[in-house]
Amino acid sequence: MPQQRRRIKHETSFEERLAEQARSQDDAARHRARRPNPQGATSGNSLAHERLAIVAGTCVAKVNEYRAFTLGHDGHVTASRAFRCADDSEAIVWAKQLLDGHDIELWSGERLVVKLEHQEKPGKTG
C-alpha cells in the first residue's frame, strides 16, 4: 500500500512565505556587504582565514594582485599574466622577467604601477 503524503497547513499563503524568504535573503546579502574584506572582493574566504590565524596565533600574509600586460610593437595588448606579490617592488622584479622584445605594463587593479620598456640589443637591426 503506497504511503500517503501528509499535507502541512500553513498559516500564511505561498506568496507570503516566498516574500518572507526573499526578505531574509536580502537581509543576509546586506549583512555580507557590510563586512569589511581587507583583500578585496576576489577573496571570499580571507576573513575566515584571518580569524583562524588570530585564534592560532599566527599572522596572515597580505598579498596584492597584479597583472602584467605585454604590448605589441603597435602598442596594443598581446598577452597578459596575473600574479600575486607582497608589494610593488617584488611585482616589478617578477614583471621584468617577461621582457622579451616587447614592452610590459604592470597594473595593480586600476592603478598603473610601471611601464617597462624593452631594451634593444646592441648591433641588432629591426
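Extension gain Lys115-Asp88, at 0.36 nm per residue separation less the Cα-Cα distance, in nm?
Once the chain is fully extended between Lys115 and Asp88, it gains 8.5 nm.
Shape analysis of region 64-116 places it in the prolate category; the axes a ≥ b ≥ c from the Cα gyration tensor give an a/c of at least 1.5, with a/b above b/c.
If I take every Cα pair under 8 Å that is 6 or more residues apart in region 64-116, average their sequence separation and divide by the length, what percent do I get for the relative contact order? Mind showing how you got there, number by number?
Working: 91 pairs, mean separation 21.0, N = 53.
Value for region 64-116: 40 percent.
Taking a straight Cα-Cα cut-off under 20 Å and skipping sequence neighbours fewer than 8 places away in the same chain, the aspartates and glutamates within cross-link reach of Lys62 are Glu50, Asp87, Asp88, Glu90, Glu110.
Only the coordinates and a few stated rules stand behind these numbers; no lab work does. Because the structure is a prediction, the values reported are computed rather than measured.
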